[in-house]
Amino acid sequence: MSLFARKREMVTADVALPGREEPMTGLGPHLVLGTPITPPFPDGTEQAIFGMGCFWGAERMFWRARGIYTTAVGYAAGFTPNPTYQEVCTGMTGHNEVVLAVFKTAETSYEEMLKIFWEGHDPTQGMRQGNDVGTQYRSGIYWTTEAQRDAALASREMFQEELARAGYGQITTEIAEAGPFYYAEEYHQQYLEANPNGYCGLGGTGVSCPIGTVSAAG
């Protein structure tokens with residue numbers, strides 16, 4: 001089996017790295033927004049978690065959006081508790097590189113977060129995004145409420161129709177209930193603000209998602 005093929009294979013829980021009990025600490029305020037990136041978050045906010053490939057570029061898309069309280073990058077949807085970046089890169093944790101977007105419900109909506117998600121990357125590539133290959137770069141929506149789940153599933157159907165018309169294949173996005181979100185190391189947080197010329201690696205399909213009619217009502 002080639003290296004690329006191995007990197008695309010999901011690890012199983014019985015062989016995943018053991019991790020550790022201690023969570024990431026010492027995380028300061030958001031470099032752009034000045035808000036805390038760790039809980040507790042204020043009333044009137046909602047959390048959304050997405051995997052879109054390399055989390056550096058994905059996070060920037062969300063902190064630039066209207067109605068965002070804060071953002072952070074981390075690891076989710078795997079098995080290893082409190083993993084390090086080096087561990088995630090081995091493919092032996094099962095985790096995805098994800099963005100946590102905390103938004104103000106009076107100023108924006110989960111549907112707007114989904115629109116950023118679908119238009120900000122190519123969700124048809126399986127266990128990769130562009131030149132980034134591996135299970136940590138898979139497309140994923142990790143819902144925190146049943147309303148989010150319903151909105152995510154409906155939006156996937158709508159965007160699939162648009163992609164098919166544009167000549168793209170099937171969406172491979174993982175849609176699953178959000179488990180634990182593990183914060184990435186401090187140097188990954190708002191990476192492209194601290195390193196303006198840093199690597200991004202994200203490119204959307206150029207197809208707009210007709211998401212305005214999606215309802216998040218449960």
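Figures for the structure shown
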quantity: Residues whose placed amide H lies under 5 Å from that of I175, excluding near-sequence neighbours; calculated: I141
quantity: Residue order for D150, D122, D14 - accessible surface, 1.4 angstrom probe, largest first; calculated: D14, D150, D122
quantity: Residues listed by number, the stretch 7-22, amide nitrogen under 18 Å from N82 label point at 7 Å toward C-beta; calculated: 17-22
quantity: More than 32 angstrom apart: percent of Cα pairs within the chain; calculated: 13
quantity: The stretch 28-123 - convex hull of alpha carbons, volume per residue in Å³; calculated: 105
quantity: Relative contact order [Cα under 8 Å, 6+ residues apart], the chain, whole percent; calculated: 28
quantity: The stretch 105-143 and the stretch 10-68: distance between their alpha carbon centers, rounded to Å; calculated: 14
quantity: Table column - 3J(HN,Hα) (Hz), the stretch 11-25, Karplus curve with 6.51, -1.76, 1.60, x for Gly and Pro; calculated: 6, 9, 4, 6, 10, 5, 4, x, x, 7, 7, 7, x, 5, 10
quantity: Share antiparallel - DSSP beta bridges, the stretch 67-218, percent rounded to 5; calculated: 75
quantity: Ordering of 35-46, 54-65, 172-183 by burial proxy (mean other Cβ atoms within 10 Å per residue, highest first); calculated: 54-65, 172-183, 35-46
quantity: For the stretch 82-162, diffusion coefficient by Stokes-Einstein and Kirkwood Rh (Cα), 10 °C, 1.306 mPa s, µm²/s; calculated: 112
quantity: Amide H contacts of D122 (H built 1.01 Å from N, under 5 Å, at least 5 apart or other chain); calculated: G203
quantity: Apportionment of accessible area to carbon and sulfur, the stretch 99-218, percent (1.4 Å); calculated: 46
quantity: Distance histogram in 10 Å bins (all Cα pairs of the stretch 102-218, percent per bin); calculated: 12, 39, 37, 12, 0
quantity: 222 nm mean residue ellipticity, helices alone, for the chain (DSSP H n ≥ 4; -39,500 (n - 2.57); rounded to 500); calculated: -7000 deg cm²/dmol
quantity: Cα centre as origin, Lys/Arg/Asp/Glu Cβ charges: the stretch 73-218 dipole, Debye; calculated: 200
quantity: Charge sum, other residues only, whose C-beta stays under 12 Å from H121's C-beta, Lys/Arg counted +1 and Asp/Glu -1; calculated: -2
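The values are calculated or read from the model by the stated rules, or taken from the named source; none is laboratory data. Owing to the predicted nature of the structure, the values given are computational and were not obtained by experimental measurement. As a convention, Cβ positions derive from the backbone with ideal geometry for all residues, glycine included, and neighbour counts pool all protein chains shown. What goes into the accessible areas is simple: the full protein's heavy atoms, side chains included, and nothing from ligands, DNA or RNA. Shrake-Rupley method; radii C 1.70, N 1.55, O 1.52, S 1.80 Å.
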